[in-house]
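What follows draws every value from the coordinates through simple rules; no lab data is involved. None of these values were measured; they are calculated from a predicted model. Positions of Cβ are backbone-derived with ideal geometry, glycine not excepted, and every protein chain shown enters the neighbour counts.
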Amino acid sequence: MTPSNERRLADGRVELVDTHHVEASPLYNEDLAPVPLARRNWSTYNYAALWVSMAHCIPTYMLASGLMTSGMNWWQALVTILLGNTIVLAPILLNSHPGTKYGIPFPVFARAAYGTLGSNVPALMRALVACGWFGIQAWIGGEALQTMFKTIIPGWPTLLGAGFGGHTNTEWLSFLLFWSLNIFIIYRGMDLLREVENWAAPFVLVMTAALLWWAIVRADGLGPLLSQPGKFSTFGEFLPVFAPSLTAMIGYWATLSLNMPDFTRFGRSQREQVIGQVVALPTTMSVFAAMGVLITSATAIIYGQPIWDPVQLVGRFTSPLIVAFAMFTVVVATLAVNIAANVVSPANDFANAFPRVIGFKTGGLITGIIGIAIQPWRLLADPSGYIYTWLLGYSGGLGSIAGVLIADYWIVRRRELRLEDLYLERGVYAGWNWRAIGATALGCALAWSGLVIPALKPLYDYAWFVGFLVAALAHASLSSMGPRPADAARVAQDLT
């Protein structure tokens, strides 16, 4: 039964016709509202450009080079990255569907599975991870600004004193300048974001290709780069590193596998958003990671040691013009991905918790403040902490949420939601769905058990897979055991 105030197109997309009573609800604000059909204008190119710009960033580069510092050779690192991104594409596409169909952001979509109040659990879990990523990207962007200023301003590193916490005052200033630039774009809105993504993607690719050309020339061709050996001579030695590394690769985009509705809500059709994402994500990640692998291999030959941070690498160049231009590229790349991947979702997530108090801009500001409090400079201190502590650690929790969302939308509800009720305090999704909360808790408990029980360490190595499968099966099983409160409310509402 389709409510009379919902209009559906032949392609399945839905919008609200009458929003007056919904707008009066405390669960509604303009930033969380379903996007009208007339404003859903993102095309295949927009989604492809989004992924290209998000993948062409310094953490992607550091991902590949970080795997090599852990002992992998170039092809082992690339296979791990390609496999991880191909796997994570599945939950990304499954969770993208409701965004395009109903025009709703991630936290509103989560209300269907978790309840209007319970949705704050997955939303805030996702938001805290995004805050950490925001801080990481902001620190990298600040490093790029610091390197750029150092080449054009004599004495810049010590200009404002020795500093504190192992960093000079000018380093902290560069970090805050880049942080402020992010906040400025947040306050300008999603249209500016789309414009930045469209031109940043090809620009960053061209500049990275130029750096790769330099590396190949300095290392006397591709041969020496591809002959760099790994540390593992047998599969038995390789597997203990491969398993957590693969999970970490999935964890890299586990965040976006939840909140892609924040972007697909603007999509013109399911076909366009699917094609844009399928074409861009695995290929772009693999190509850009390959560039990082080759450049890192070159640094081992040129400087006698692998340099996994491209900002530090470019800082060794002697030409101020080259350094300044390269660092400008890093700033553009980092800015584009930080806003798209790490601000849009938590801003909406914080707004979901307090819709009448927090809007998108305020939520973005909260994200920035927490991003500083997380102290990202500690996470980036070494590649093992970045990959095996940060990426691997949170993947179990986000995998559990993804399992519940996908099982609920595709299996339990068979892609049918009541759009209006997602915004009503007494609608069919009111309150808490404790079955979804319980399934998520079970998935997290098993995924993270290896942290405290050494015998269960393999579960932690596959944290995302464990969390996803356990939570999905638990939610589907619990939902089949009699009617849920939301189902009973739906029957009562349909009868009145």
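Computed values, structure above
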{"quantity": "Förster-model FRET efficiency, 41 Å R0, residue 218 and residue 158, C-beta, rounded to 0.05", "calculated": "0.85"}
{"quantity": "Extension gain (nm, one decimal) between residue 209 and residue 453, 0.36 nm per residue minus Cα-Cα", "calculated": "83.3 nm"}
{"quantity": "J(HN,Hα) series, the stretch 344-350, from Karplus relation 6.51 cos²θ - 1.76 cosθ + 1.60, nearest Hz, glycine and proline x", "calculated": "4, 5, x, 4, 5, 5, 5"}
{"quantity": "Residue-averaged [θ]222 nm for the chain, counting only DSSP H segments that reach four residues, each worth -39500 (n - 2.57)", "calculated": "-22000 deg cm²/dmol"}
{"quantity": "Two-decimal log10 I(q)/I(0) for the stretch 52-119, as the Debye equation yields it once each C-alpha is a single scatterer, q = 0.11, 0.12, 0.29 Å⁻¹", "calculated": "-0.45, -0.52, -1.21"}
{"quantity": "Hz values of 3J(HN,Hα) by residue in the stretch 436-449 - Karplus curve (6.51, -1.76, 1.60), Gly and Pro given as x", "calculated": "5, 4, x, 5, 5, 4, 5, x, 5, 4, 6, 5, 9, 4"}
{"quantity": "Residue-by-residue Karplus 3J(HN,Hα) for the stretch 270-276, coefficients 6.51, -1.76, 1.60, Hz, glycine and proline x", "calculated": "4, 4, 5, 5, 5, 4, x"}
{"quantity": "Residues in the stretch 299-323 that a label on residue 227 would reach, taking backbone N under 19 Å of a point 7 Å out along Cα→Cβ", "calculated": "299-306"}
{"quantity": "Extension gain from residue 357 to residue 177, taking 0.36 nm per residue of separation minus the Cα-Cα distance", "calculated": "62.1 nm"}
{"quantity": "Net dipole in debye of the stretch 1-156 [+1 Lys, Arg Cβ; -1 Asp, Glu Cβ; about Cα centre; nearest 20]", "calculated": "220 debye"}
